[in-house]
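Asks: Once you've had a glance at the structure underneath, I'll fire off some questions.
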Amino acid sequence: MRKITILFLITLCLSCKEEKQIKFSLTGTTNSIEDGTLLFLDIESHNILDSTIVVDNKFAFERNLPEPIVTGILRTKDFSHYRFIWLENDDMTFDASNTDFRNAKITGSESETLSQKLYNLVKEVEPHSKEQREIEQKFINNNPNSIVSANILATYSTTWGKETTEKLFNNFSLENKNTLYGKEIASFIELNKNPRIGDYYVDFEMKNTTGKTLKLSDNLGKLTLLEFWSSNCAPCKKENPNLIKTYNRFNSFGFEIFAVSHDIDKEKWIKAIETDKLAWIHVSDLKRSDKASLIYGINGIPDNFLINEEGIIVGRNLRGEKLNNKIIELIGD
């Protein structure tokens, strides 16, 4: 009986320890933030994980995370203060008592510490330069088991290309390959064709706003613009009025638009289509990384491919009058 009791107590203690390990908390100190200010903690899927109120420049979050490690944003409602953070199921601290949110000292997350080391290296060089790329690729090569490396490689895979991406990815641990980012990288390596002007288009199928699967090849016109956009992309929204004019002007001549959205929120996607009165075909995977973008190597939006009647790509990233002039050249006005 005594042995059973001791075994029960050991099991109970281990269970308590495991429960403590998966509990996330973030306690913080700010400066010059008014009492009652709401702070939000968003996770990478753009969902609000939690919110709290600042009192005497202090705040606290405590809950379970959806995954052991996730990226998040700590922010005020108007984003006047914000900070991207790697969140882990542990006791974390946030100290901005003598600085702003961006330069706050954060403890309790190994991924965040590693990310900050990389940030401090990158900030010393020209943004988007060869030097930055070399620093990031060296970091990934030196930290193949870190989810931070997987996140960076997933972000830049379409920019760096399949060969470099695959070489770096092959060094990842199995656990890292099975993360959300690792699966995105694997999909890119499998799907990417990176077609260029003069190449034949690559077919794919995705669902429209009602859930019906549409295939690009079944919806081609005499001339088709494969358009990549998103409802929360400011340059895309700015370009929409011009695209509407182009569509209305040339649709009767056989010009079609097949729009692929990077949205992950279906309601926002549909609302943007209705608000902007975008009358053409719309599809989306409603995922962080969609199939079509992986195939076509999209690394920024807006972007597009102009496909002629024979299925040949005859233009890339054409906007406004450049697009209009190309259409006139190909099918007239």
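Read-outs: derived from the displayed coordinates by stated rules, not from any lab. All figures in this text were calculated on a predicted structure; none of them were measured in a lab. Note that each Cβ is placed from the backbone with ideal geometry, even for glycine, and that neighbours are counted across all protein chains shown.
Asks: Taking θ as phi - 60°, what are the ³J(HN,Hα) couplings along the range 147-161 by the Karplus curve (6.51, -1.76, 1.60), each to the nearest whole Hz, with x for Gly and Pro?
Replies: For the range 147-161, the Karplus-derived couplings read 5, 4, 5, 5, 5, 5, 5, 5, 5, 9, 4, 5, 7, 7, x Hz, x marking Gly and Pro.
Asks: First select every other residue whose beta carbon is under 12 angstrom from the beta carbon of Phe204; then total the charges, Lys and Arg +1, Asp and Glu -1.
Replies: The answer is -1.
Asks: Which residues among the range 208-226 fall inside the zone where the amide N is under 17 Å from a point 7 Å beyond the Cα of Arg316, along Cα→Cβ?
Replies: Hits in the range 208-226 for Arg316 at 17 Å: 225-226.
Asks: For Asn232 and Asp203 in the same chain, what is the full-extension length gain: residue separation times 0.36 nm, less their Cα-Cα distance, in nm?
Replies: Full-extension gain reported as 7.8 nm.
Asks: Of all the C-alpha pairs in the range 119-191, what % are more than 14 Å from each other?
Replies: Tail fraction, whole percent: 55.
Asks: Okay, moving on. Can you pull out the GluC sites (Glu not before Pro) in the range 254-333 that DSSP calls coil and that have at most 15 other Cβ atoms within 10 Å?
Replies: Passing both the DSSP loop test and the Cβ count: Glu309, Glu310.
Asks: Here's something else I'd like to know. State the extension gain, in nm to one decimal, for the chain segment bounded by Glu309 and Lys291, taking 0.36 nm per residue of separation less the distance between their alpha-carbons.
Replies: Contour length minus the Cα-Cα distance gives 4.2 nm.
Asks: Counting other Cβ atoms within 10 Å, which chymotrypsin sites (Phe, Trp or Tyr not before Pro) in the range 28-137 have at most 12 and lie in a DSSP loop?
Replies: Loop-located and lightly packed - Phe79.
Asks: Now a separate question. In µm²/s, what is D for the range 14-125 at 4 °C and 1.567 mPa s, where D = kT/(6 pi eta Rh) by Stokes-Einstein and Rh is the Kirkwood radius from Cα pairs?
Replies: 89
Asks: Amide H neighbours of Asp50 under 5 Å, at least 5 residues apart or on other chains, H built in the peptide plane: list them.
Replies: Answer set, sorted by chain and number: Leu41.
Asks: Which net charge results for the neighbourhood of Glu309, defined as the other residues with beta-carbon distances under 12 angstrom from its beta-carbon, given Lys and Arg at +1 and Asp and Glu at -1?
Replies: -1
Asks: What is the Cα coordinate range of the range 194-333 on the first, second and third principal axes, sorted by size from largest, in whole angstrom?
Replies: Taking max minus min along each principal axis of the Cα atoms, the range 194-333 gives 38, 28, 26 Å.
Asks: Between Asn145 and Asn248, how many nm apart are label points set 7 Å from Cα along the C-beta direction?
Replies: Modelled inter-label distance: 6.0 nm.
Asks: So, one more: What ³J(HN,Hα) values, in whole Hz, does the Karplus curve 6.51 cos²θ - 1.76 cosθ + 1.60 give for the range 50-63 when θ = phi - 60°, with x put for Gly and Pro?
Replies: Result, rounded to whole Hz: 6, 9, 8, 10, 7, 10, 6, 6, 10, 8, 7, 10, 8, 5.
Asks: Can you list residues from other chains, or at least 5 along the same chain, whose modelled amide H is less than 5 Å from the amide H of Asn232?
Replies: The answer is none.
Asks: Quick one: net charge around Ser97, please, counting Lys, Arg +1 and Asp, Glu -1 for every other residue with C-beta under 12 Å from its C-beta.
Replies: Around Ser97, the surrounding residues sum to -1.
Asks: Below 17 Å Cα-Cα, how many Lys pairs turn up in the range 248-333? Only count pairs eight or more apart in sequence, or on different chains, if you could.
Replies: So the count of such lysine pairs works out to 5.
Asks: Something else now. Beyond 34 Å, how much of the Cα-Cα pair distribution for the chain remains, as a whole percent?
Replies: Percent of Cα pairs beyond 34 Å in the chain: 39.
Asks: Moving on. Please list the non-local residues whose amide H lies under 5 Å from the amide H of Asp199, H modeled 1.01 Å from N, same-chain partners needing a gap of 5 or more.
Replies: Distant-sequence amide H within range of Asp199: Ile313.
Asks: Counting other Cβ atoms within 10 Å of each Cβ, which trypsin sites (Lys or Arg not before Pro) in the range 62-134 have at most 11 and sit in a DSSP loop?
Replies: Filter output for the range 62-134: Lys77, Lys123.
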